[in-house]
Amino acid sequence: MSLATQKTLESSYVMRTFGRSEVEFVGGRGMTLVDAEGREYLDFLAGIGVCCLGHGHPAVTGAVREQAERLMHVSNYFYIEHRGEVAALISKLANDDMAGARLLAQAMVDGDEKGVLRAAALAPGEQVWETFFANSGAEANEGSMKLARLYAKRAGNGGNTIVCLRGGFHGRTLETIAATMQDWLQESFTPLPGGFAPCTPNDVDELRSIFDALGSEICAVMLEPIQGESGVHPLTVEFMEAARDLVHEHGALLIADEVQTGVFRTGKPFAFQTYGVEPDIMSLAKGIAGGVPAGACVAKKEIADVFRPGDHGSTFGGSCLAVATAAAVLAELTLGAYDERASEVGAYAAERLGELDAVVEVRGRGLMLGCDLVERAGDAHDVVAAMLAEGFVINATGPHTLRFLPPLICGEADIDRLVQALARVLG
């Protein structure tokens, strides 16, 4: 159906919660998207970090096709194929046990049930991470916050306040908006749920003063290792370490929102590993199933075990289709050295972007990058529109900031084409 027809129908029947670019994508392969008129575009947004293996990857399409033909959904009242091995693989990856993760991923790909059990078996002293499967990043964050408060009540310090960072973004539900310390997102929806305290990112003194004032009233600090929606702003190692130390001194927990930073995007399975600071709970979504809606709340076993049947749930979370696709995606990422690829291509992209005269600063890790533009470059949203006309899909997070979240299959030649086009547009 044509772009003109879609615009006519959507103008009458679809809620206007997004400002849309003047293009309708109908196909794609690899790094390339195709619009309704057959024009091709290089994709440096990947559905906002979702399509981690690009478009039409056989691991994703094969898993979706095979599972859809067999069984789509039965509900969480029953055991579901693939759910256990996906959770086991996430646990290995959370421990940064790449050797163990590769053994497990290969057994999953081979359909070797005994091999899966051998690879998933626990080594002495191995940390177990348990997973609750959700549908989205917002739901994963809701689950993480519920678990932190429940842990405080049943096994921790009894607190219920969650410290969140200004400029962060945790979702669009009322609870996750309350945790998102950005006034422009909150003002229209007050009154919001309470129990949240704001802190300035990377301000260790302010964080300490909050703990001095609230102490055991705090059940958790929730943070993104790299804030994405505010313009790709990494936290410092010092701040991450201080957050970890302070929560544990006060009997609270550290929650890492890895919805955008996780699943190999920053050069490790999860961004917290690039800091050497381990959280107690983390939230995943976006790239976990390569485009099929999926999310996860992942926690250390000793924390997750406070959940009892009935405390939390989801109708669609961890569906047959979602976990089958997640199994294929995570196995491909684990076996395909995408951690190294993201690091190497990301470093190359940061260097090339930094060569542009109109770029003031490049920030981020791996293939999660943002850059600020000089004033004379104009509004970044106009740059995004001009790049779309050039055949490139990118994103702006503010009037002077561009963001790049390409599929993890992105190569140096793709970066070269992007930078050449940006040079033309920026002048």
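The values are calculated or read from the model by the stated rules, or taken from the named source; none is laboratory data. It should be emphasised that the depicted structure is a prediction, and the values quoted were computed from it without experimental measurement. As a convention, Cβ positions derive from the backbone with ideal geometry for all residues, glycine included, and neighbour counts pool all protein chains shown. What goes into the accessible areas is simple: the full protein's heavy atoms, side chains included, and nothing from ligands, DNA or RNA. Shrake-Rupley method; radii C 1.70, N 1.55, O 1.52, S 1.80 Å.
Key figures for this structure:
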{"item": "Ranked packing of 280-291, 37-48, most packed first, by mean Cβ within 10 Å", "result": "280-291, 37-48"}
{"item": "Highest-first arrangement of 217-230, 93-106, where packing means the average Cβ count within 10 Å", "result": "217-230, 93-106"}
{"item": "Lys/Arg +1, Asp/Glu -1 at C-beta; the chain dipole; positive extreme among Thr61, Gly228, Ser216", "result": "Thr61"}
{"item": "Dipole-positive endmost among His170, Gly295, Pro279 within the chain (Cβ charges, Cα centre)", "result": "Gly295"}
{"item": "Cα lying deepest toward the dipole's positive end in the chain, options Val237, Cys199, Ser188, charges on Cβ", "result": "Ser188"}
{"item": "Qualifying chymotrypsin sites (Phe, Trp or Tyr not before Pro) in the range 1-38, DSSP loop, other Cβ atoms within 10 Å at most 10", "result": "Phe18"}
{"item": "Distance (nanometres) between label positions extended 7 Å along Cα→Cβ at Leu174 and Tyr13", "result": "3.0"}
{"item": "Cβ charges +1 (Lys, Arg) and -1 (Asp, Glu), total dipole of the range 1-134, debye", "result": "140"}
{"item": "Heavy-atom accessible surface of the range 191-278: percent carbon and sulfur, 1.4 Å", "result": "47"}
{"item": "Computed lengthening from Tyr348 to Asp382, 0.36 nm per intervening residue step minus Cα-Cα distance", "result": "9.7 nm"}
{"item": "Antiparallel DSSP beta bridges within the range 158-275, as percent of all bridges there, nearest 5", "result": "15"}
{"item": "Packing rank of 123-129, 354-360, where each peptide gets the mean count of other beta carbons within 10 Å, highest leading", "result": "354-360, 123-129"}
{"item": "Summed residue charge, Cβ within 13 Å of Glu332's Cβ, Lys/Arg positive, Asp/Glu negative", "result": "+1"}
{"item": "Hydrodynamic radius by Kirkwood, which averages 1/r over all alpha carbon pairs of the range 267-375, in angstrom", "result": "16.6"}
{"item": "4 °C / 1.567 mPa s Stokes-Einstein diffusion coefficient of the range 102-214, Kirkwood radius on C-alpha pairs, µm²/s", "result": "75"}
{"item": "Of all DSSP beta bridges in the range 225-312, antiparallel share, percent nearest 5", "result": "60"}
{"item": "Fraction of accessible area attributable to carbon and sulfur, the range 1-66 (%, probe 1.4 Å)", "result": "56"}
{"item": "Antiparallel DSSP beta bridges within the chain, percent to nearest 5", "result": "65"}
{"item": "Residue-by-residue Karplus 3J(HN,Hα) for the range 66-76, coefficients 6.51, -1.76, 1.60, Hz, glycine and proline x", "result": "5, 6, 4, 6, 9, 6, 8, 7, 9, 5, 7"}
{"item": "The range 173-332: C-alpha pair distances exceeding 18 Å, %", "result": "65"}
{"item": "Inter-label distance for Met98 and Met72, nm, one decimal - labels placed 7 Å from Cα along Cα-to-Cβ", "result": "3.9"}
{"item": "Net charge, Leu353 excluded, C-beta distance under 11 Å - Lys, Arg +1, Asp, Glu -1", "result": "-2"}
{"item": "Given (1) 21.2; (2) 29.7; (3) 23.6, the label whose value is mean projected area of the Cα convex hull in nm² derived from this model", "result": "(1)"}
{"item": "Glu238/Glu187 FRET efficiency (R0 25 Å; Cβ-Cβ; nearest 0.05)", "result": "0.20"}
{"item": "Using θ = phi - 60° and Karplus 6.51 cos²θ - 1.76 cosθ + 1.60, couplings along the range 115-122 (whole Hz; Gly, Pro as x)", "result": "x, 4, 5, 5, 5, 7, 4, 7"}
{"item": "Net charge, Phe189 excluded, C-beta distance under 13 Å - Lys, Arg +1, Asp, Glu -1", "result": "-2"}
{"item": "The chain, accessible area per residue, ligands and nucleic acids excluded (1.4 Å, Å²)", "result": "44"}
